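The block underneath contains the structure these notes are about, expressed in structure tokens.
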Amino acid sequence: MASRAPARVWAYVLIAVIVTAIVVGGAMYFLLRPAPPAPPPPKKELIIYHWWTAGGEKEAIDAVFAIFKERVPEVVISENPIAGGAGAVMKPVIWQLLAAGTPPDTFQVHAGGELKEYVDAGYLEPVDDIWEELGLEEVIPDTLKAICKFGDHYYAVPINVHRSNILWYNPTIFKELGIIEKFGDPREWDLKTFIEVARYIKAKRPDISPVAVATRNKWPLTHLFEVLLLLHGGPEVHVKFWAGMFNYKDPADPVWKAVREVLVAIGTLAKEGLFNPDHPELTWDEAAAKVMKGECAMYIMGDWVAGYYMAVEAKYGEEWSGAPFPKKVFILLSDCFNLPKGAPHPDIAAEWLRVVGSAEAQEKFNVIKGSITARIDVKPEYPDPYRPETAEDFVKSSLVPSPVHGGLSKEAFVTEMHDILTYMVTAIERGVEVESAVDSAIAQIMGAIERTGLPEFWTGYTIEYFITKR
Ligand code: GAL
């Protein structure tokens with residue numbers, strides 16, 4: 001007799017069937033389910049920081065972006081333009097990004113002391129391979145090579161050479177008042193003549209401001225001081241002061257004499273109402289616009305002003321003209337790009353640097369920018385009469401680096417100078433006597449030299465290193 005299976009066995013069979021169904025069903029589901037979408041490929045991106053937002057400079061960098069996009073169309077440019085001019089607003093942002101370990105792929109930097117500070121802090125990779133690949137050693141002049149190289153390595157690729165010491169003026173006003181007939185060529189003026197001209201303009205045309213300045217971002221006032229100190233003291237005083245290479249604790253040091261006289265000159269311009277009264281509201285390009293419109297007569301500023309005038313289609317010889325000031329010395333600065341350590345896309349950054357150093361980019365950029373090419377083998381047809389003169393001066397005049405634009409000083413010291421000078425001018429405009437405002441500015445500058453460790457910054461360098469005598 002067949003015995004009936006106990007209920008327990010049926011229960012086991014049932015459980016086995018259910019488990020098998022679940023396992024097989026699950027396996028089928030995994031085998032037959034639609035494949036998940038593939039993860040997107042890593043973004044090809046160039047994260048770049050620069051401060052070119054004003055007329056002329058924006059168009060110039062856009063021209064370089066266009067070349068880059070042609071070469072690597074698949075790369076997205078993450079542009080981070082930070083307005084303010086001269087990097088005054090951008091640089092603190094960069095230092096924060098670097099300190100936080102989140103560097104961009106590349107950022108705008110001036111050759112010289114500014115570059116050295118990033119190198120000393122260990123934030124940059126050498127870019128010797130790019131220099132070699134592009135043969136830059138053969139085409140970049142020695143003076144510029146020297147301020148791109150620290151230790152045995154190049155740390156930046158330069159795109160241009162700007163001149164900081166230019167006197168921009170409104171030619172219509174100059175003609176009307178016979179300024180050049182009466183005072184001679186501005187290329188040969190000294191500090192005393194400059195102040196006399198300003199006074200003369202005020203006497204003849206009280207409706208306009210003789211000297212334009214812009215203090216919203218402060219640095220244009222320090223720029224004025226930089227140029228007047230060079231004009232008055234010459235290249236050695238310029239280097240000694242800005243590099244802290246003098247006996248700054250001794251008020252009788254001859255460098256202080258020149259500094260004092262220049263501060264008194266600036267104080268006089270403020271006291272006698274020779275500056276435009278709206279300067280606290282203006283940026284560098286807005287002050288340039290006032291000269292073009294005939295609201296101010298003269299403006300001491302770098303030759304990015306030429307780029308601005310061309311971008312707004314101002315008429316050369318009628319609305320703007322510029323004279324090297326003084327002619328015999330060229331205060332140079334150079335905009336460069338670099339490769340930070342830990343950059344998220346180093347290969348793309350290297351491609352960017354190849355573009356920056358290329359003959360094509362140097363030509364397109366500089367024609368628009370108001371500067372001349374860093375590569376001496378690239379000789380563009382400049383559309384204005386100003387550039388051929390300055391290109392010639394670059395190989396014939398004595399050269400010194402610009403402190404306000406990163407070439408010669410220490411960032412912390414230059415920043416203190418912005419505050420000290422702005423405070424001095426504002427105090428004088430509010431009624432403080434020139435002499436006492438200058439005394440207090442000098443005391444503050446002495447403190448700033450000490451506080452910022454300026455004299456130690458260039459340890460191992462000599463005054464001669466910074467001057468190309470011709
Ligand atoms: C300078 C820079 C120039 C120009 C200027 C005003 O520091 O080197 O290229 O852009 O600032 O922004």
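Since every read-out is calculated from the coordinates, none of them should be taken as a lab result. This structure is a prediction, so every number in the text was calculated from the model and none was measured. Here Cβ is always computed from backbone atoms with ideal geometry, including for glycine, and neighbour counts include all displayed protein chains.
Please compute the length gained on full extension between Lys293 and Ala252, using 0.36 nm multiplied by the number of residues separating them and subtracting their Cα-Cα distance.
Answer, rounded to one decimal: 10.4 nm.
Divide by every residue of the chain the summed helix terms, -39500 (n - 2.57) for each DSSP H run of at least 4, and state the resulting mean residue ellipticity at 222 nm, rounded to the nearest 500 deg cm²/dmol.
Numbers: 20 runs with 234 residues, N = 470.
So the calculated ellipticity at 222 nm is -15500 deg cm²/dmol.
Using only Cα atoms, tell me the angle between helix 359-369 and the longest principal axis of the chain; keep it within 0 to 90° and round to the nearest 10.
With both axes taken from Cα atoms, the answer is about 50 degrees.
Using a Förster distance of 22 angstrom, determine the FRET efficiency expected from the C-beta separation of Glu70 and Val139, and round it to 0.05.
Numbers: r = 22 Å, r/R0 = 1.02.
Approximately 0.45, to the nearest 0.05.
Would you order Val197, Val75 from fewest to most other beta-carbon atoms within 10 Å of each residue's own beta-carbon?
With the fewest neighbours first, Val197, Val75 line up as Val75, Val197.
If you average the sequence gap of Cα pairs under 8 Å that are 6 or more apart and divide by the length of the chain, what percent do you get for the contact order?
About 26 percent, as a whole number.
Out of the DSSP beta bridges found with both residues in the chain, what percent are antiparallel (nearest 5)?
55 percent
To the nearest 20 Debye, how big is the dipole of the chain about its Cα centre, given +1 on the beta carbon of each Lys and Arg and -1 on that of each Asp and Glu? Can you show the working numbers first?
On the way: 46 positive and 63 negative charges, 250 e Å.
Dipole magnitude for the chain comes out near 1200 debye.
Ignoring the sites themselves, what is the longest stretch of the chain with no GluC sites (Glu not before Pro) in a DSSP loop and at most 11 other beta-carbon atoms within 10 Å?
Result for the longest clean stretch: 75-312.
Provide the descending list of Cα extents for the chain along its principal axes, expressed in whole angstroms.
Projected onto the principal axes, the Cα atoms of the chain cover 139, 48, 46 Å.
What share of Cα pairs, in percent, lie more than 15 angstrom apart in the range 164-244?
So the pairs more than 15 Å apart make up 62 percent of the total in the range 164-244.
Where does the range 292-417 land on the Kirkwood hydrodynamic radius, alpha-carbon pairs, in angstrom?
Answer for the range 292-417: a Kirkwood hydrodynamic radius of 16.7 Å.
With an 8 Å Cα cut-off and a minimum separation of 6 or more residues, compute the relative contact order for the range 209-263 in percent. Numbers along the way, then the final one.
On the way: 30 pairs, mean separation 16.4, N = 55.
Reported as a whole number, the value is 30 percent.
For the range 425-470, what number results from the quotient of the Cα radius of gyration and 2.2 N^0.38 Å?
1.71
Rank the residues Thr283, Thr426 as a footprinting-exposure proxy: fewest other Cβ atoms within 10 Å of their Cβ go first.
Numbers: Thr283 18, Thr426 15.
Neighbour counts put them in this order, fewest first: Thr426, Thr283.
Can you give me the angle between helix 434-451 and the longest principal axis of the chain, using Cα atoms only, in degrees from 0 to 90, rounded to the nearest 10?
Roughly 40 degrees between the two axes.
Looking at the calculated P(r) for the range 178-337, what percent of the C-alpha pair distances fall above 22 Å?
Values: 5617 of 12720 pairs.
Tail of the P(r) past 22 Å holds 44 percent of the pairs.
Restricting the calculation to Cα positions, tell me the Rg (one decimal) and the Dmax (whole number) of the range 66-180 in Å.
18.7, 58
Can you sort Ile179, Ile331, Ile18 from fewest to most other Cβ atoms within 10 Å of each residue's own Cβ?
In increasing order of surrounding Cβ atoms, one gets Ile18, Ile179, Ile331.
Quick one: plug the Kirkwood hydrodynamic radius of the range 353-468 (C-alpha pairs) into Stokes-Einstein at 25 °C, 0.890 mPa s, and report D in µm²/s. List each step's numbers first, then the result.
Working: Rh = 17.7 Å.
Here the translational diffusion coefficient equals 139 µm²/s.
5 Å is the cut-off here: which amide hydrogens, built 1.01 Å from N in the peptide plane, fall below it relative to Asn160, excluding neighbours closer than 5 in sequence?
Close amide H contacts, sequence-distant or interchain: Asp335, Ala374.
Kirkwood hydrodynamic radius, computed over distinct alpha-carbon pairs, for the range 326-371: how many Å, to one decimal?
One over the average 1/r among Cα pairs gives 12.8 Å for the range 326-371.
Which of the peptides 395-407, 247-259 is most tightly packed, and how do the rest follow, judged by the mean count of other Cβ atoms within 10 Å per residue? Before the final figure, lay out the partial values.
Working: 395-407: 23.2, 247-259: 15.5.
Packing order, densest peptide first, comes out as 395-407, 247-259.
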